[in-house]
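One structure is given below, encoded as structure tokens.
The values are calculated or read from the model by the stated rules, or taken from the named source; none is laboratory data. Computed from a predicted structure; not experimentally measured. Quick reminder, even Gly has a Cβ in these numbers, built from the backbone with ideal geometry, and neighbours come from all protein chains shown. Quick note on the areas: whole protein, heavy atoms, side chains included, nothing else; ligands and nucleic acids left out. Shrake-Rupley method; radii C 1.70, N 1.55, O 1.52, S 1.80 Å.
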Amino acid sequence: MKLKAILITGTLSVLTLACSAANAEDKLTQLKEQGFARIAIANEPPFTAVGADGKVTGAAPDVARAVFKKLGVNDIVASVSEYGAMIPGLAVGRHDAIAAGLFMTPQRCAAVAYSEPVLCAVEAFAVRKGNTKSIKSYDEIAKDPKAVIGVEGGTTEQKLATAAHIPTDRIVIVPDGQSGLKMLQDGRIDAFALPLLSISDLLSKAKDGSLESIAPVQGTPVQCDGVAFRKQDTALRDAFDVELKKMKASGEFAKIVEPYGFSAKAAMSTSRDKLCSASN
Ligand code: 6CS
């Protein structure tokens, strides 16, 4: 009887593996036939960007485009989404993947199948020069009853602000980076939170000498994203990781991300397992 049970279990495992491989091939075959992968982005340079001509660039789409090409999927088609809408959009099939700098957190890792790390970043605040409220951390904002912070909806900054117990009436949700800077300039918020490279890009374009950045925000971790796939597309994710690993080893990965200001070494020195289990 035991042998029969073992044989049945073994057969089921082989069938499961075969189904998983078939699913992978199905999804990859579907993308190859489609000729492109539909990715969600946020249009937050240098992570992701859409030019006036509609051209999609940024470190995350550039890496995704290169890896998909090696998998036989010749292009990517991007749609701009708020961070908080990306995972729901992926789940309902609006996107084939998210390549947007969507940082790995335990909650997100439970909802999607992340690739290995791609882009890592430290956290920053944009503040008015002189930083009158001397804002260096989320805790300081929480302790100052007059301090108001701006964050984008569904972001890790919103999570960090909530985790620091900043009251919701002192957390302003803004739709995008430009709106966040405008509210800072108008004095409606005292700090606007994004990763440092995003804040630096915004400040360099704003050319407003009355604003400055504070980084790294005290008490916040270095965060890294991966390309996110649907949970059921883990075999496609694994195929993506095989090519990503080769690009990291050959130096091709560094050639893509470093001109944008990202450290290839930072992404290569950590892992999905570490980032998904981090209690940030
Ligand atoms: O994953 C996130 O929520 C974030 N990623 C980026 C690139 N910007 C907003 C937020 O920090």
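Answer yes if at least one residue in the stretch 122-129 is open to solvent by 20 Å² or more (accessible area, probe 1.4 Å), away from the ligand (no atom under 16 Å from the Cβ) and touching an Asp or Glu at 6+ places or on another chain (Cβ under 8 Å), and no otherwise.
Keep residues of the stretch 122-129 that are open to solvent by 20 Å² or more (accessible area, probe 1.4 Å), which gives 122, 128-129.
Next, only the ones that are away from the ligand (no atom under 16 Å from the Cβ) stay: 128-129.
Now drop any that are not touching an Asp or Glu at 6+ places or on another chain (Cβ under 8 Å), which leaves 128-129.
Yes, the stretch 122-129 contains at least one residue that is open to solvent by 20 Å² or more (accessible area, probe 1.4 Å), away from the ligand (no atom under 16 Å from the Cβ) and touching an Asp or Glu at 6+ places or on another chain (Cβ under 8 Å).
List every residue pair whose Cβ atoms lie under 8 Å apart, where the two residues are 6 or more positions apart in sequence or sit on different chains, the first residue falls within the stretch 38-55 and is over 18 Å from V257 (Cα atoms) and free of Cβ contacts under 8 Å to residues at least 12 places away in the same chain, and the second residue, located anywhere, is within 14 Å of the ligand (Cβ to nearest atom) and among the aliphatic types (A, V, I, L, M).
Listed pairs, sorted by first residue: none to list.
Q107 versus (1) in contact with a strand residue (DSSP E or B) (Cβ under 8 Å, 6 or more places away or on another chain); (2) within 16 Å of the ligand (Cβ to nearest atom): which is the lone unmet condition?
The single condition Q107 does not satisfy is (1).
Just checking: which of the helices (runs of 4 or more DSSP H) contained wholly in the stretch 40-154 hold 2 or more residues that are within 15 Å of the chain's Cα centre (by Cα)?
Numbers: elements: 59-70, 83-91, 106-111, 138-143.
Counting at least 2 such residues, we get 59-70, 83-91, 106-111.
Go through the stretch 130-168 and report how many residues are farther than 26 Å from A228 by Cα, open to solvent by less than 60 Å² (accessible area, probe 1.4 Å) and of a type in the set (S, T, N, Q).
3
Output the qualifying pairs, or none if there are none: Cβ atoms under 7 angstrom, residues six or more apart or on different chains, first residue in the stretch 180-202 and of a type in the set (S, T, N, Q), second residue in a helix (DSSP H, G or I) and within 13 Å of the ligand (Cβ to nearest atom).
S198/G177
Let's see how each residue does on (1) in contact with a helix residue (DSSP H, G or I) (Cβ under 9 Å, 6 or more places away or on another chain); (2) crowded, with 16+ Cβ neighbours inside 10 Å; (3) within 21 Å of I199 (Cα to Cα):
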position	(1), (2), (3)
S81	yes, yes, yes
L90	yes, yes, no
R94	yes, no, no
L102	yes, yes, yes
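Considering only the stretch 56-74, how many residues are in contact with a strand residue (DSSP E or B) (Cβ under 8 Å, 6 or more places away or on another chain) and among the acidic types (D, E)?
Matching residues across the stretch 56-74 total 0.
Name the single residue, out of those in the stretch 242-274 being open to solvent by less than 20 Å² (accessible area, probe 1.4 Å) and touching an Asp or Glu at 6+ places or on another chain (Cβ under 9 Å), that is nearest to R108 (Cα to Cα). Can you show your working first?
Quick first cut of the stretch 242-274, residues open to solvent by less than 20 Å² (accessible area, probe 1.4 Å) only: 244, 247, 253, 257, 262, 264, 267.
Add one more test, that the residue is touching an Asp or Glu at 6+ places or on another chain (Cβ under 9 Å), and what stays is 244, 257, 264, 267.
Working: L244: 21, V257: 23, A264: 23, A267: 18 Å.
Only one residue fits best here, namely A267.
From the list I141, I149, I166, pick out the single residue that is within 14 Å of the ligand (Cβ to nearest atom) and of a type in the set (V, I, T). Talk me through it step by step, then tell me what you get.
Numbers: I141 fails: within 14 Å of the ligand (Cβ to nearest atom); I166 fails: within 14 Å of the ligand (Cβ to nearest atom).
Every option except I149 fails the conditions.
Restricting attention to the stretch 40-69, and to residues there that are surrounded by fewer than 21 Cβ atoms within 10 Å (Cβ to Cβ) and polar (S, T, N, Q), which single residue is farthest from A254 (Cα to Cα)?
The qualifying residue farthest from A254 (Cα to Cα) is N43.
If you scan the stretch 239-256, which residues turn out to be closer than 22 Å to L90 by Cα and under 18 Å from the mean Cα position of the chain (by Cα)?
Passing the criteria: F240, D241, L244.
If I ask for residues that are touching a residue at least 60 places away in the same chain (Cβ under 8 Å) and away from the ligand (no atom under 16 Å from the Cβ), which ones from the stretch 203-217 would you list?
Matches in the stretch 203-217: G209, S210, L211, E212.
Check the stretch 24-35 and report whether any residue there is open to solvent by less than 20 Å² (accessible area, probe 1.4 Å), modelled with pLDDT of 90 or more, in a helix (DSSP H, G or I) and touching a strand residue (DSSP E or B) at 6+ places or on another chain (Cβ under 9 Å).
Yes, there is a match, as at least one residue in the stretch 24-35 is open to solvent by less than 20 Å² (accessible area, probe 1.4 Å), modelled with pLDDT of 90 or more, in a helix (DSSP H, G or I) and touching a strand residue (DSSP E or B) at 6+ places or on another chain (Cβ under 9 Å).
Can you find a residue in the stretch 169-191 that is basic (K, R), surrounded by fewer than 18 Cβ atoms within 10 Å (Cβ to Cβ) and within 16 Å of the ligand (Cβ to nearest atom)? Spell out how you get there, then give the answer.
Pass one, the stretch 169-191, residues basic (K, R): 170, 182, 188.
Within this subset, residues satisfying the condition of being surrounded by fewer than 18 Cβ atoms within 10 Å (Cβ to Cβ) are 170, 182, 188.
Among the residues that remain, those that are also within 16 Å of the ligand (Cβ to nearest atom) are: none.
No, every residue in the stretch 169-191 fails to be basic (K, R), surrounded by fewer than 18 Cβ atoms within 10 Å (Cβ to Cβ) and within 16 Å of the ligand (Cβ to nearest atom).
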